[in-house]
Amino acid sequence: MRAAATLGVIALLAGCASTPPPAERDGPPLRVPPDLHRTPDAQPRIEPVRAGGPNKPYEALGRRYVPFTDDRPLTETGGASWYGRKFHGRPTSSGEPYNMFAMTAAHRTMPIPSYARVRNPANGREIVVRINDRGPFVDGRVIDLSYVAALRLGVLNGVAPVQVRRLTAAEIRSMQASAERARELLDP
């Protein structure tokens, strides 16, 4: 009797283990770290851009995209969405694991890596993100933000209009020189 009961429990547990988990939904973190709204912007730096890898032409949802690899400026206006815990820890197009608490974003054609300034015209907030992934692949959307970037920009309630401007190498060098001058003034 005891052996039959044990076999029954084992069969029940085996049946549970083979049942697929419910479809994973994206969303905010289960626990929001304290002071997440104080996460600093990505710190732009000059990084090499490879012609291949994440910058080679690709197809998504039946459309072909050709990322550019030169240092051209790019300005776009359109919708911003965000992605969270469903993708947290999974590889991005750059090969880095996605971190929903890092100031990163996805763009269809900017070189990977790139940096962009994103502005929410509804509230005037601006952030700087590092482009390390591809997307969004929905008409009308120009950028997918990490959870923390969307939080800082004030766009967690769905798709929101934004202005996106890629930072060129000249702009990054200028920003670095300004930061260095400010440090020298504070610490002679």
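Each residue in region 61-99 was checked for being surrounded by fewer than 17 Cβ atoms within 10 Å (Cβ to Cβ), under 12 Å from the mean Cα position of the chain (by Cα) and among the small types (Gly, Ala, Ser), and 1 pass.
Note on region 133-160: residues that are over 22 Å from Pro67 (Cα atoms), crowded, with 17+ Cβ neighbours inside 10 Å and not hydroxyl-bearing (Ser, Thr, Tyr) amount to 8.
Close Cβ contacts (under 8 Å, 6 or more residues apart or on different chains) running from residues in region 173-185 that are touching a residue at least 40 places away in the same chain (Cβ under 8 Å) to residues that are not in a helix (DSSP H, G or I) comprise Arg173/Ile46; Met175/Pro44; Met175/Leu167; Gln176/Pro44; Gln176/Arg45.
Could you tell me whether any residue of region 26-43 is under 30 Å from Glu180 (Cβ atoms), at pLDDT 90 or above and touching a Pro at 6+ places or on another chain (Cβ under 8 Å)? Looking for residues that are under 30 Å from Glu180 (Cβ atoms), at pLDDT 90 or above and touching a Pro at 6+ places or on another chain (Cβ under 8 Å), one finds none in region 26-43, hence no.
Filtering region 110-132 for residues that are more than 23 Å from Val66 (Cα to Cα), at pLDDT 95 or above, part of a strand (DSSP E or B) and more than 16 Å from the chain's Cα centre (by Cα) leaves an empty set. Asn132 falls short of the stated requirement of being of a type outside the set (Val, Ile, Thr), more than 27 Å from Gly62 (Cβ to Cβ) and touching a strand residue (DSSP E or B) at 6+ places or on another chain (Cβ under 6 Å). Might you check whether a residue that is within 19 Å of Asn55 (Cα to Cα) and not in a strand (DSSP E or B) occurs anywhere in region 148-166? For region 148-166, residues within 19 Å of Asn55 (Cα to Cα) and not in a strand (DSSP E or B): absent.
Within region 23-60, the set of residues being surrounded by fewer than 11 Cβ atoms within 10 Å (Cβ to Cβ), in contact with a Lys or Arg (Cβ under 8 Å, 6 or more places away or on another chain) and without any contact (Cβ under 8 Å) to a residue 60 or more places away in the chain comprises Leu30, Pro57.
The values are calculated or read from the model by the stated rules, or taken from the named source; none is laboratory data. What you are looking at is a predicted structure, and each value in this text was computed from that prediction instead of being measured. Positions of Cβ are backbone-derived with ideal geometry, glycine not excepted, and every protein chain shown enters the neighbour counts.
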